[in-house]
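The values are calculated or read from the model by the stated rules, or taken from the named source; none is laboratory data. Values in this document were obtained by computation on a predicted structure and should not be read as measured data. When we count neighbours, we look across all protein chains shown, and the Cβ atoms used for this are built from the backbone with ideal geometry, even at glycine.
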Amino acid sequence: MRRREFLGVLGGAAVAWPLGVRAQSAMPVIGFLDPRSSHTLADQLRAFRQGLKDTGYIEGENVTIEYRWAEGQFDRLPALAAELVGRRVAVIATNGGPTAAFAAKAATTTIPIVFMAGEDPVKLGLVSSLARPGGNLTGVNLAIGELTAKRLGLLHELLPGAARIAVLVNPANVANAEATLRDVEPAAHAMGLQIQILKATTSREIEAAFATFVRERPDALFIGNDAFLTSRRVQVVHLATLHKIPATYTSRENAEAGGLMSYGVNMTDALRQLGVYAGRILKGVRPGDLPVVQSSKFELIINAVTARMLGITVSPSLLARADEVIE
């Protein structure tokens, strides 16, 4: 198993962040905001807590974490962010894409925020600079958008005879859906592939999307980068398996749940880094002095069991490049 290195410079002067840390005379409180459900994120939460531990903070001993889950309802995020601000937390950590980060940003200009973003946070408007974010935000850039063409290319390599690819996105997650479509369309054109866009914001709409797949029989399915679709991975993988549709995903959790292939950021490392930054801020480092970390550790996971079930022969060269082959 090979792993690329996850690079990030932990910089910044250790100066006090006035409203973040010193306002907490008792045990500091971190707010954790996510658009998904807690039961879908056990591994990520462990990684976040490990990052805190790496900086000397252990939940329940010397730090408290207040969790807010939107349960797939993105329109709840502003109210949940406002709850955390009202709780006077020392830091807000956001996971699950830029929508959560923007909700936190709109709720406070003083409480430090550490975010997880799949797109360039400068282009998104979250920070003014990657090296010196300024203000009260910093975080981890997953660079998922930059991986879209690569992931489509891997799917085409796995299925060289494929010509029609269905793309499933969640329009409620506007930034991620637009980024996926912006990146996948030119990549598909360059590979001579036809794409069909389908949308789902609820479990029922996921069912409807797969009903369309069954009627129109695309050669493969490309699942967009989206927190809600990832949280519904058991449903999505089950339907793809049931209808024998080869599919590619961004998250290894999908491949572990029975999905054919995933290619994306190592989320364990990314969430650990999010926890490290939250801990550094609790120690007094200004978020604006912490450079946004750029993900550079990616994983190609192939589920060989699913490939055999679908009658797909994975080429030796692709197997050799995989970081993990699930047998």
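With respect to residue 51, is the statement that it is in contact with a helix residue (DSSP H, G or I) (Cβ under 6 Å, 6 or more places away or on another chain), assigned by TED's automatic domain parsing to the domain that holds residue 271 and modelled with pLDDT under 95 true? Lay out the reasoning, then the answer.
On the way: in contact with a helix residue (DSSP H, G or I) (Cβ under 6 Å, 6 or more places away or on another chain): yes; assigned by TED's automatic domain parsing to the domain that holds residue 271: yes; modelled with pLDDT under 95: no.
Here the answer is no, as residue 51 does not meet what is asked.
When the residues of region 96-126 are narrowed to those that are aliphatic (A, V, I, L, M) and within 16 Å of residue 180 (Cα to Cα), which ends up surrounded by the most Cβ atoms within 10 Å (Cβ to Cβ)? Break it down stepwise before answering.
Within region 96-126, the first condition is being aliphatic (A, V, I, L, M), and the residues that meet it are 100-101, 103-104, 106-107, 111, 113-114, 116-117, 122, 124, 126.
Okay, now just the ones that are also within 16 Å of residue 180 (Cα to Cα), so 117, 124.
Values: 117: 29, 124: 17.
Here the residue is 117.
Take residue 111 and tell me if it is outside any loop (DSSP other than H, G, I, E, B), under 20 Å from residue 290 (Cβ atoms) and in contact (Cβ under 8 Å) with a residue 12 or more places away in the chain. If you could, list the steps in order and put the result at the bottom.
On the way: outside any loop (DSSP other than H, G, I, E, B): no; under 20 Å from residue 290 (Cβ atoms): yes; in contact (Cβ under 8 Å) with a residue 12 or more places away in the chain: yes.
Taking the combined requirement at face value, the residue does not satisfy it.
So is residue 254 part of a loop (DSSP other than H, G, I, E, B), under 18 Å from residue 170 (Cα atoms) and in the same structural domain as residue 155 (by TED's automatic domain parsing) or not?
Criteria not met by residue 254.
Do we find a residue being outside the structural domain of residue 58 (by TED's automatic domain parsing), surrounded by fewer than 22 Cβ atoms within 10 Å (Cβ to Cβ), in contact (Cβ under 8 Å) with a residue 12 or more places away in the chain and more than 30 Å from residue 91 (Cα to Cα) anywhere in region 259-270?
no
For region 189-204, give me each residue that is outside any strand (DSSP E or B) and either exposed (fewer than 14 other Cβ atoms within 10 Å of the Cβ) or out of contact with any Phe, Trp or Tyr (no Cβ under 9 Å at 6 or more places or on another chain) (or both). Walk me through how you get there before you give the answer.
The initial filter retains those residues of region 189-204 that are outside any strand (DSSP E or B), namely 189-193, 200-204.
Listed by number, the residues that qualify are 189, 190, 191, 192, 193, 203, 204.
How about region 66-88: which of its residues are surrounded by fewer than 21 Cβ atoms within 10 Å (Cβ to Cβ) and aliphatic (A, V, I, L, M)?
79, 82, 85
Of all the residues that make up region 46-66, how many are in contact with a strand residue (DSSP E or B) (Cβ under 8 Å, 6 or more places away or on another chain), in contact (Cβ under 8 Å) with a residue 40 or more places away in the chain and not in a loop (DSSP other than H, G, I, E, B)? Break it down stepwise before answering.
As a first pass, look at region 46-66 and keep what is in contact with a strand residue (DSSP E or B) (Cβ under 8 Å, 6 or more places away or on another chain): 48-49, 52, 57, 59, 63-66.
Narrowing further to those that are in contact (Cβ under 8 Å) with a residue 40 or more places away in the chain: 48-49, 52, 57, 63.
Applying the additional criterion that residues be not in a loop (DSSP other than H, G, I, E, B) yields 48-49, 52, 63.
The number of residues fulfilling the criteria is 4.
Tell me which residues, restricted to region 170-202, are at pLDDT 90 or above, within 19 Å of the chain's Cα centre (by Cα) and more than 17 Å from residue 146 (Cβ to Cβ).
170, 171, 199, 200, 201, 202
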